[in-house]
Amino acid sequence: MGAQLREYKQKIASAQTTKKITKAMELIAASRIQKAMARVRASSPFSRAVTRAVSAVATHSDIDHVLTREPETVTRSAILLLTSDRGLAGAFNSQVIREALELAELLRSEGKEVVFYLFGRKAVGYFQFRRLASAQQWIGDADTPHFDTAEEIAKALLDAYLLDESEGGVNEIHVVYNRFVSMMTQSPESVRLLPLEVVEAGEADVPAEAEIFPLYEFEPEPELVLDKLLPVYIQSRIFNALLQSAAAKQAATQKAMKSASDNADKLITDYTRLRNNARQAEITQQIAEIVGGADALAH
């Protein structure tokens, strides 16, 4: 009985220590979510402004640009996979990796070769463990992404897109990341980044007969404007995806740590009940032994 009591006490102490750690991590994640969401909100006006500018040039000029032109045949596709550098976030990384692998299978079924670009230690570790190939990797900037990282990723993807297929280029680029929906929901998203499909926000809400298109004059030429705007547009899209992924990761961590804390509470309650039962059984046994000894002495 004594050994059983010591075992239950050790398990209770272990669960209490775990609860302290998970509770602290839950509070840290909760504080970081607000900062991450503030960065997402701060980047939105710039992203919308670039989208409007690209839409104006692409819609109101009759030029055929390499970044907006649909290729006749698509033989090689690139997938940029965004994960976190750290775990303890429930299914955050596994669900986005699964989404990327399902997209890869779909593209392969269409006769396309798939090339992966990886962001985050979890994606890199998964591909290394599975011995899967990747074209380029970025790690160490997943918690608080910087715009320099988005520029570097955008340059690598644009270089691959502008490169000829015979030299290792790609015909289209997809981005797979976790989008922050709410504190309880993080949804894996798959977006085709190139060739561009630029749609002006709110345009679909305006009836066709009510649309009035303004006249635009471009200085310099529209093609030069697109040459400057489209890389910035790609950078802003990637940066926004990085910020969304970072915010979603903090929300997933808070949810996972809260669940772990609740489980620790349940374990403490269960082991405390078992410890009390064992102690009661030990006391009952001791009383029975004393009564039995007293009876023996009386006879």
message: Taking the 0 to 90 degree range and rounding to the nearest ten, how far is the long axis of helix 222-298 tilted relative to the main principal axis of the chain, both from C-alpha atoms?
response: 10 degrees
Using alpha-carbon coordinates, inclination of helix 92-109 to the longest axis of the chain, degrees: 40 degrees
query: So what does Lys122 come to for accessible area, using a 1.4 Å probe and Å² rounded to 10?
result: 80 Å²
- prompt: Rounded to the nearest 20 Debye, what is the dipole magnitude of the chain about its Cα centre when Lys and Arg each give +1 and Asp and Glu each give -1 at the C-beta?
  reply: 2620 debye
message: Using Cα-Cα distances under 8 Å and only pairs 6 or more residues apart, what relative contact order does the chain have, in percent?
response: 33 percent
- line: Residues meeting the amide H criterion for Trp138 (H placed from the backbone, H to H distance under 5 Å, 5 or more places apart or on another chain) are Leu118, Phe119, Gly120
- prompt: Going down the list Lys155/Lys255; Lys35/Lys155; Lys9/Lys122; Lys9/Lys249, which pairs span over 32 Å between their C-alpha atoms?
  reply: Lys155/Lys255; Lys9/Lys122; Lys9/Lys249
message: Rounding to the nearest 10 and keeping the result within 0 to 90°, find how far the Cα-based axis of helix 2-59 lies from the longest principal axis of the chain.
response: 10 degrees
task: Take the solvent-accessible surface of the protein heavy atoms, probe 1.4 Å, and return the percent of it on the chain that carbon and sulfur atoms account for.
output: 53 percent
- prompt: Can you give the alpha-carbon Rg of region 25-255 over 2.2 N^0.38 Å, where N counts its residues?
  reply: 1.07
statement: Regression test value, accessible area per residue of region 25-255, probe 1.4 Å, units Å², expected 53 Å²
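The values are calculated or read from the model by the stated rules, or taken from the named source; none is laboratory data. Everything quoted here is computed from the prediction, not taken from an experiment. Ideal geometry is used to build each Cβ from the backbone, glycine not excepted, and the neighbour counts take in all protein chains shown. The area values use the complete protein model at the heavy-atom level, side chains included, leaving out ligands, DNA and RNA. Shrake-Rupley method; radii C 1.70, N 1.55, O 1.52, S 1.80 Å.
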